[in-house]
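The values are calculated or read from the model by the stated rules, or taken from the named source; none is laboratory data. Everything numeric here is computed off the predicted structure, so don't read it as measured data. Virtual Cβ from ideal backbone geometry, glycine too; neighbours counted across all protein chains shown.
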Amino acid sequence: MASGSRRPRKEAGGDARVFIADVSKEQDVARLEREVIAAFGGVQILINNAGINVRKPITDFTLDEWNNVMATNLTSAFLLCRAFIPHMKGGGYGRIINIASTMSHVSIAHRGAYSASKAGLLGFTRPSRSSSRPKGSRSTASAPDRSPPSSILR
């Protein structure tokens, strides 16, 4: 993180840190949890934004490639929610934002694994809105659209 981007947060009473982890690996997420809680004492906002895409026909995928897309795009959200939701409980506030994709609704050629993983993320978001969610918190999914504005298409 550039030192210039950290200064305004610090002056406003905030803090920004960089934590490195492979969020598709359970042991990395456990280490990340320990480091974040040690640094900040708790969490109020979790943004699940990990994503990779292997572009090829489904029939050309290896099982390892498929599993890697699912682990990064979907399993990571489960691991992070499982690790950090307990730290939100009792705080009266919490936000979980899962970054999905328009590809979770409409897919195009050679994006089958990515689309399936992001559709799974939408499905995962729904139950996290209920009993497992801390009181006073919200869970939502955002599906950013990378399409150009309609005025450009004319």
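All conditions in (1) buried (at least 21 other Cβ atoms within 10 Å of the Cβ); (2) among the β-branched types (Val, Ile, Thr); (3) outside any helix (DSSP H, G or I) hold for Val69, with the sole exception of (3).
Per-residue answers, yes or no, for (1) closer than 17 Å to Ala141 by Cα; (2) of a type in the set (Gly, Ala, Ser):
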| site | (1), (2) |
| --- | --- |
| Phe19 | no, no |
| Val23 | no, no |
| Arg34 | no, no |
| Gly42 | no, yes |
| Phe61 | no, no |
| Asn67 | no, no |
| Ala83 | no, yes |
| Asn98 | yes, no |
| Ser115 | yes, yes |
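Out of all the residues in the range 45-52, is one or more more than 14 Å from the chain's Cα centre (by Cα) and surrounded by fewer than 16 Cβ atoms within 10 Å (Cβ to Cβ)? Scanning the range 45-52, I find no residue that is more than 14 Å from the chain's Cα centre (by Cα) and surrounded by fewer than 16 Cβ atoms within 10 Å (Cβ to Cβ), so the answer is no. When Lys56 is tested against (1) touching a Ser or Thr at 6+ places or on another chain (Cβ under 6 Å); (2) assigned to a loop (DSSP other than H, G, I, E, B); (3) modelled with pLDDT of 90 or more, exactly one condition is not met: (1). The condition of being at pLDDT below 90 and either under 24 Å from Asp60 (Cβ atoms) or part of a helix (DSSP H, G or I) (or both) holds for Ser151. Look at (1) surrounded by 12 or more Cβ atoms within 10 Å (Cβ to Cβ); (2) touching a residue at least 40 places away in the same chain (Cβ under 8 Å); (3) hydrophobic (A, V, I, L, M, F, W, C) and you find that Ile58 fails only one, number (1).
For the range 1-31, enumerate the residues that are more than 30 Å from Arg111 (Cα to Cα) and at pLDDT 90 or above.
Arg17, Val18, Ala30, Arg31
Is there a residue being in a loop (DSSP other than H, G, I, E, B) and crowded, with 18+ Cβ neighbours inside 10 Å anywhere in the range 81-104? Yes: the range 81-104 contains one or more residues that are in a loop (DSSP other than H, G, I, E, B) and crowded, with 18+ Cβ neighbours inside 10 Å.
A count restricted to the range 15-31 and to residues that are part of a helix (DSSP H, G or I) and aromatic (Phe, Trp, Tyr) stands at 0. Quick one: is Ala141 surrounded by 14 or more Cβ atoms within 10 Å (Cβ to Cβ), at pLDDT below 90 and either part of a helix (DSSP H, G or I) or touching a helix residue (DSSP H, G or I) at 6+ places or on another chain (Cβ under 9 Å) (or both)? It is true that Ala141 is surrounded by 14 or more Cβ atoms within 10 Å (Cβ to Cβ), at pLDDT below 90 and either part of a helix (DSSP H, G or I) or touching a helix residue (DSSP H, G or I) at 6+ places or on another chain (Cβ under 9 Å) (or both). Can you find even one residue in the range 120-130 that is under 16 Å from Trp66 (Cβ atoms) and at pLDDT 85 or above? Yes.
Here Arg95 meets the list (1) out of contact with any strand residue (DSSP E or B) (no Cβ under 6 Å at 6 or more places or on another chain); (2) within 26 Å of Arg126 (Cα to Cα); (3) at pLDDT below 95 almost entirely, failing just condition (1).
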